[in-house]
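Novice: Below is a structure I'd like to ask you about.
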Amino acid sequence: SGCVCSSDLSASVSVPVIDLGLLPSSKDEQGKLKLALCSGGCFQAIGHGISNSFLNKVRGVAKQFFQLLQEEKQKYSRAANQVEGYGYDLVVSEKQVLDWNTRLFLRVFPEHQRKLNLWPENPDKIRHACLTLSRRTVSYELNSCREVLHEYSIKLKQLVDLLFKAMAKSLALEEKSFSDQFGDNPVMHVRQIMDYSLLQDEQVEGLQFVKDEKWITFPVIPHVLVVNLGDQMQIMSNGIFKSPVHRVVTNTDKLRISVAMFNEVEPEKEVGPVEGLIDENRPRLYRNVKIYASFNYECFQKGKVPLEEVKFHA
């Protein structure tokens with residue numbers, strides 16, 4: 001039937017590990033990247049150049065935000081019918097499937113489109129909002145939250161650029177074949193999620209993806225980044241790279257916090273298969289599409305699969 005059941009959970013399948021530091025010069029690492037993206041569409045990234053201490057700081061400010069009193073968090077709430085800000089996901093349909101999570105959703109790029117009023121900054125409250133973990137008191141001043149998010153987004157943007165080039169090279173394409181389609185001003189969002197990614201919780205598992213009709217759980221490795229391809233990359237690669245079905249399983253006993261970064265095509269840009277990946281042996285699989293994020297959300301609410309809606313059917 002092609003459906004995946006929760007009972008089909010496999011813990012024996014390992015998740016690929018890619019060393020980003022080797023990608024620019026190593027054909028072997030590029031080959032590993034291609035294999036990972038063709039088979040499962042996701043991998044764990046090491047050699048990313050972001051220090052352990054800084055990743056701990058990213059987690060720290062996220063955890064402290066969710067430890068604030070509700071009335072403090074609500075100062076950063078999203079407006080009606082808006083996506084950005086603190087709260088639950090926007091409800092647009094009575095038939096909508098609701099995620100069990102609260103989140104802080106912020107646009108980080110283009111920089112001039114940031115809504116800084118939604119970026120946490122409340123030093124008097126947060127200076128005293130210490131988080132006790134494993135009998136240790138860890139304190140981060142959330143007045144630095146904006147600086148941390150800014151620095152984190154810049155570092156991840158650099159990694160995205162590196163990955164675009166490496167993915168193109170792995171398919172024998174010009175290195176700007178994918179990045180050019182994203183445009184000069186691609187959109188990046190950060191999403192701090194409680195109890196639901198790139199940066200997982202360092203203690204609580206939950207992120208899973210589908211491979212060979214089985215749910216595979218990402219292991220918890222504190223300073224590894226998880227890279228997960230989206231539908232737009234499957235379209236651009238003409239189906240060579242996969243956009244995996246994924247989910248996060250809630251934990252009824254432990255709080256789970258992750259910090260995910262989303263990279264989207266510039267809103268008015270059309271995306272479609274790269275011409276160099278279309279030939280007689282591999283015809284064009286997908287039509288061009290614009291504003292895919294909105295299209296994806298609309299399909300989800302209607303119970304449709306976005307990739308199937310843009311696919312050419314014989």
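The values are calculated or read from the model by the stated rules, or taken from the named source; none is laboratory data. All values reported here derive from a predicted model rather than from experimental measurement. We place every Cβ from the backbone using ideal geometry, glycine too, and count neighbours over all the protein chains shown. Ligands, DNA and RNA are stripped out before the accessible areas are found, and what is left, the full protein with its side chains, is counted by its heavy atoms. Shrake-Rupley method; radii C 1.70, N 1.55, O 1.52, S 1.80 Å.
Novice: Calculated FRET efficiency, A80 and N56, Cβ-Cβ r, R0 22 Å, to nearest 0.05?
Specialist: Calculated transfer efficiency: 0.05.
Novice: Do any GluC sites (Glu not before Pro) in the stretch 259-308 lie in a loop, going by DSSP, with at most 14 other beta-carbon atoms within 10 Å of their beta carbon, and if so which?
Specialist: Here the sparse-neighbourhood loop sites are E268, E280.
Novice: How about K169: which lysines have a C-alpha closer than 18 Å to its C-alpha, ignoring those fewer than 8 places off in the same chain?
Specialist: Cα-Cα hits under 18 Å: K27, K32, K34, K242.
Novice: While we're looking at this one, here's another question. Are there trypsin sites (Lys or Arg not before Pro) in the stretch 232-265 that DSSP marks as loop and that have at most 12 other Cβ atoms within 10 Å, and which are they?
Specialist: The qualifying sites are K254.
Novice: Which entries of K63/K304; K57/K304; K155/K311; K211/K302; K63/K155 have Cα-Cα distances beyond 30 Å here?
Specialist: Numbers: K63/K304 35 Å; K57/K304 39 Å; K155/K311 34 Å; K211/K302 25 Å; K63/K155 20 Å.
From the list (K63/K304; K57/K304; K155/K311; K211/K302; K63/K155), the Cα-Cα distance tops 30 Å for K63/K304; K57/K304; K155/K311.
Novice: Hey, any idea what % of the stretch 209-272's accessible area is carbon plus sulfur with a 1.4 Å probe? Intermediate values should be presented prior to the final figure.
Specialist: On the way: 1330 of 2650 Å².
Carbon plus sulfur share of accessible area: 50 percent.
Novice: Report, by chain and number, residues whose modeled amide H sits under 5 Å from the one on R256, excluding near sequence neighbours (fewer than 5 apart, same chain).
Specialist: D195, Y196
Novice: To the nearest 20 debye, what charge dipole does the stretch 219-280 have about its Cα centre, counting +1 at the Cβ of each Lys and Arg and -1 at the Cβ of each Asp and Glu?
Specialist: Numbers: 5 positive and 9 negative charges, 132 e Å.
For this selection, approximately 640 debye.
Novice: Another question, then. Net charge near P24: determine it from the other residues with C-beta under 13 Å of the C-beta of P24, scoring Lys and Arg +1 and Asp and Glu -1.
Specialist: -2
Novice: Spelling out what I want: for every residue of the stretch 16-22, take phi, set θ = phi - 60°, compute 6.51 cos²θ - 1.76 cosθ + 1.60 (Karplus), and round to whole Hz; glycine and proline get x.
Specialist: Here the 3J(HN,Hα) series is x, 10, 10, 8, 5, x, 8 Hz.
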